Every structure is written in structure tokens, then in C-alpha cells.
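The block underneath contains the structure these notes are about, expressed in C-alpha cells.
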Amino acid sequence: MDGLDIPKIPVGWAAKQVVDWLKQNGRWLFDSLSDALKWLIDGTLAVIQWPHPLVLVALFVALAWYLQRSWRICLLVLLGFLFILNQGYWKATTESLVLLFYSCMLCMAVGVPIGIACAHRPRLYAALSPVLDLMQTLPTFVYLIPAVVFFGLGMVPGLLATVIFVIPAPIRLTCLGISSTPSALVEAATAFGATPRQKLWKVELPWALPQIMAGLNQTIMLSLSMVVIAAMVGANGLGIPVVRALGQNNSALGFESGFVIVVVAIMLDRMLKVTRK
């Protein structure tokens, strides 16, 4: 026996008891959540896969122009999508984009308010920090076990495992952005009679916007890193050919699909980049 000859702390046993209890008593909740998320994902996929791919490419180029006002970024987005079409990964890319969209939406919807609360309440952030550290350092494969137990195979467990792994990033960066608001700006707003809500919306959030967008950027990058792992539990998308290449020892397929993932990451990074003016 390795280590000291003392009774083993029942960490695994305790975790199994919690999972078993949730499985027995929360089945109705997990089934309802799974059905709702599956309906959303399937509906979104049907919408974006219905028009001709070039129509969606044109919409992404228009969105890039609206966000960045740069013809170089628009050209990058156009060339990136044309490369994806050329390689034959359009369907897989749309599936990954839908997974990214919902993971980012859930992470930002939950992470930004928690980050704001942590910035205003240092004790809350101190209490949450160990939990956030655990969520980021626990091996990502561990998240897949309860996700599969509660939600079965498919896009839903991949989505929820991605959210759990990624959500610390927007929480930390939002907290950093709000906390770094210059005290002179806050004091000036207070002197002019601003309420706490007005200070949040008109001073703190505008100042923290680059950090919040950096949190969104990190959410996208970390979600893309989970694409391959989510494919192991049946999530469709760009991770499927990577897993297939690994199983077949097919270096050509692996590099091809991996490079498509990199192209998607670069396009989204350039489209959503925000700098403080």
C-alpha cells in the first residue's frame, strides 16, 4: 500500500453517494433540462444549416464589419470560411459554432453577474476562489462522467461539461475589470449623486468592458479546447474528425481538422476583440 498506513478518506465514496442521490431524486429535472437544451440546439442548427453556406458567410462578414469596421478582418473572416468550405467541414463547423454560442451565452449570463458581485464583495470572491480553482484544475474528463450519467450521450452533456470548465474565466475577468475601475471615477459619480445602479451601468461596466470581452474571448478559446473532449461523449462538431483521426492514427485527418479549429478560433478572436478607447 502506498503512503501512510492510515484509513483512507472516502472522497470517491462521498462523490458516488452524491451522484447516486442526484440521479435518483433529480431525474425529472435532468430530463427536462436535457430536452430543453436539445430542442434549442437542434432548432438553432436547423436554422443556420438551412440557407446556402455562402449566405451565412456573408452574414458573418457583415457582423465582422459591424463590430470592427475593418476590411482586413472582414477579409480574414471571408477567407477563413472559404477555407472551411474548401476542406469540407461546413456541417461540423456549424455544429461547433452552435455549441460555442450556447456555452458562451450560459457562461456570460452566469459569470458576469457573479463577477460583479465578487468585485463589490471581496469576502465572496475569497470564498469562491478555491471553487473556481478546482473547476479549472480538475481534469476535464472528470466532468464528462456525471454529465453522461445525468444527461446521456449527445450535445447536452458536452455543452454542460464545457460550461463548468469555462465559467471561471468570465467570473475572474469581470471581477478584475470592475475592481480596477479608478476610484476617482467612482467618487466623481458619487459626488454628482449617482445611485449604485447608475455607477455600475454608467461607470464601472463601461470601464470593465475590455476585461469582460477578454472573458468572452477566453470563454470561446476554452470552449474550443473542449470541442474534442465533448466529442468523446457524442457531441457533434469539429471534435469528431479529431477523435476519428486519433483512433485511426490518421495524421492527415488530424492536422486537417485541427487546423480548421484554429481558423475558427482566429476568426472569432479578431471579430470580438475590444480595446479601450
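Below is a table of values for the structure above.
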item	result
Check on M213, open to solvent by 30 Å² or more (accessible area, probe 1.4 Å) and within 15 Å of the chain's Cα centre (by Cα)	yes
Tabulated pairs, the range 126-149, first aliphatic (A, V, I, L, M), second in a helix (DSSP H, G or I) and surrounded by 12 or more Cβ atoms within 10 Å (Cβ to Cβ), C-beta under 6 angstrom, 6+ apart or interchain	L132/P168; M135/P168; L144/A161; A147/P157; A147/L160; A147/A161; V148/P157
Some residue of the range 235-244 being among the polar types (S, T, N, Q) and open to solvent by 40 Å² or more (accessible area, probe 1.4 Å)	yes
Options V148, V156, V131: the member that is at pLDDT below 85, in a helix (DSSP H, G or I) and farther than 16 Å from S96 by Cα	V148
Which numbered condition F101 misses (of (1) open to solvent by less than 60 Å² (accessible area, probe 1.4 Å); (2) modelled with pLDDT under 90)	(1)
Options F60, F30, F83; residue that is open to solvent by 50 Å² or more (accessible area, probe 1.4 Å) and in a helix (DSSP H, G or I)	F83
Pairs with Cβ under 6 Å, 6+ apart, first in the range 212-230 and closer than 25 Å to T181 by Cβ, second polar (S, T, N, Q) and open to solvent by 30 Å² or more (accessible area, probe 1.4 Å)	none
Residue within the range 246-268 that is surrounded by fewer than 21 Cβ atoms within 10 Å (Cβ to Cβ), within 30 Å of R121 (Cβ to Cβ) and of a type outside the set (A, V, I, L, M) present	no
Yes/no for V55 being farther than 23 Å from V263 by Cα, open to solvent by 30 Å² or more (accessible area, probe 1.4 Å), modelled with pLDDT of 90 or more and not basic (K, R)	no
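For every residue, the table says whether it meets (1) closer than 23 Å to I178 by Cα; (2) crowded, with 18+ Cβ neighbours inside 10 Å; (3) at pLDDT 90 or above; (4) of a type in the set (S, T, Y).
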| position | (1), (2), (3), (4) |
| --- | --- |
| S70 | no, no, no, yes |
| V77 | no, yes, yes, no |
| V110 | yes, no, yes, no |
| G115 | yes, yes, yes, no |
| Q136 | yes, no, no, no |
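The values are calculated or read from the model by the stated rules, or taken from the named source; none is laboratory data. This structure is a prediction, so every number in the text was calculated from the model and none was measured. Cβ sites come from the backbone with ideal geometry, for glycine too, and all protein chains shown count toward neighbours. Heavy atoms of the whole protein, side chains included, go into the accessibility calculation; ligands, DNA and RNA do not. Shrake-Rupley method; radii C 1.70, N 1.55, O 1.52, S 1.80 Å.
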